[in-house]
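For reference, the structure is listed below as structure tokens.
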Amino acid sequence: MFRKIKYRRKKGLTDYKKRIALLKGGKTRAVVRKSNRGIIIQFVDFEKNGDKVLNTTTSSMLKSFKWLPKRNIPTAYLTGLLAAKQFNNRDKEVILDMGLYKPIKSSIIYAAAKGIIDGGVKLLANIEFDEKRLKGAHISSYADQLKKDGDAYKKKFSTYVDSNIDASKLNELFETVKGEILKNNIRESKNQKK
């Protein structure tokens, strides 16, 4: 007997067993995705006609806080923090939707989830993360090593150099941006849907 495989499963885009397990809980999902250039976080509710996106936050929104949106752990954390501050239903319990990503300790996905938790959203997850990595200390120390060889530093950290940001002081910039996000009362973004 021939069994037709769903298109998104065939292309490797959706794991339907995982999706159904997430939807059975009936809770809002914090959907965390990474692209080649940044991080996208959405709070999504299931509806029969299709998923309803409650809020979307991208790492490019961090430009307003003078942070370069890259695809790294500090950016993921700050994007999660910003997403949590923009999310209106903070009393609602939320579950993490990682999609097809494998659960790897200290990954970008878990950094974003840690940011969501620290932002005050009740994410049903117990995530422990090394604070030094969240702040970008590993990037700063690498930049310090490369500064001895000026050409290598300029090549690896060209976007930081072009933006007049010292990559060896990234952890200090992180603290500044985190403080601005936490002190600002950011409840509604342009992308917020009512």
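The values are calculated or read from the model by the stated rules, or taken from the named source; none is laboratory data. All figures in this text were calculated on a predicted structure; none of them were measured in a lab. Note: ideal-geometry Cβ built from the backbone for every residue, glycine included; neighbour counts use all protein chains shown. Just so you know, the surface numbers come from the protein's heavy atoms only, side chains and all, with ligands and any DNA or RNA stripped out. Shrake-Rupley method; radii C 1.70, N 1.55, O 1.52, S 1.80 Å.
Among the residues of region 156-170, which ones are touching a residue at least 60 places away in the same chain (Cβ under 8 Å) and in a helix (DSSP H, G or I)?
Quick first cut of region 156-170, residues touching a residue at least 60 places away in the same chain (Cβ under 8 Å) only: 159-160, 163, 165, 170.
Correct list: 159, 160, 170.
Of all residues in region 43-59, which are free of Cβ contacts under 8 Å to residues at least 40 places away in the same chain and either among the β-branched types (Val, Ile, Thr) or farther than 11 Å from residue 82 by Cβ (or both)? Explain how you work it out, then say what you get.
First, pick out the residues of region 43-59 that are free of Cβ contacts under 8 Å to residues at least 40 places away in the same chain: 45-51, 58-59.
The answer is 45, 46, 47, 48, 49, 50, 51, 58.
For residue 150, only one of the following conditions fails: (1) among the small types (Gly, Ala, Ser); (2) under 18 Å from residue 70 (Cβ atoms); (3) more than 16 Å from the chain's Cα centre (by Cα). What is its number?
Of everything listed in (1) among the small types (Gly, Ala, Ser); (2) under 18 Å from residue 70 (Cβ atoms); (3) more than 16 Å from the chain's Cα centre (by Cα), residue 150 misses just condition (2).
Of the residues 137, 125, 76, only one is touching a helix residue (DSSP H, G or I) at 6+ places or on another chain (Cβ under 8 Å), among the small types (Gly, Ala, Ser) and more than 19 Å from residue 34 (Cβ to Cβ); which?
Criteria check complete, one pass: 137.
Check residue 126 against each of (1) under 20 Å from the mean Cα position of the chain (by Cα); (2) modelled with pLDDT of 90 or more; (3) of a type outside the set (Ser, Thr, Tyr) and name the one condition it does not meet.
(2)
Look through region 27-48, keep the residues that are within 16 Å of residue 94 (Cβ to Cβ) and open to solvent by 70 Å² or more (accessible area, probe 1.4 Å), and return whichever of them is nearest to the chain's Cα centre (by Cα).
Out of the qualifying residues, it is 33.
Given region 49-155, what helices (runs of 4 or more DSSP H) lie entirely inside it while holding 2 or more residues that are open to solvent by less than 20 Å² (accessible area, probe 1.4 Å)?
Filter on region 49-155 gives 73-86, 108-118, 137-147.
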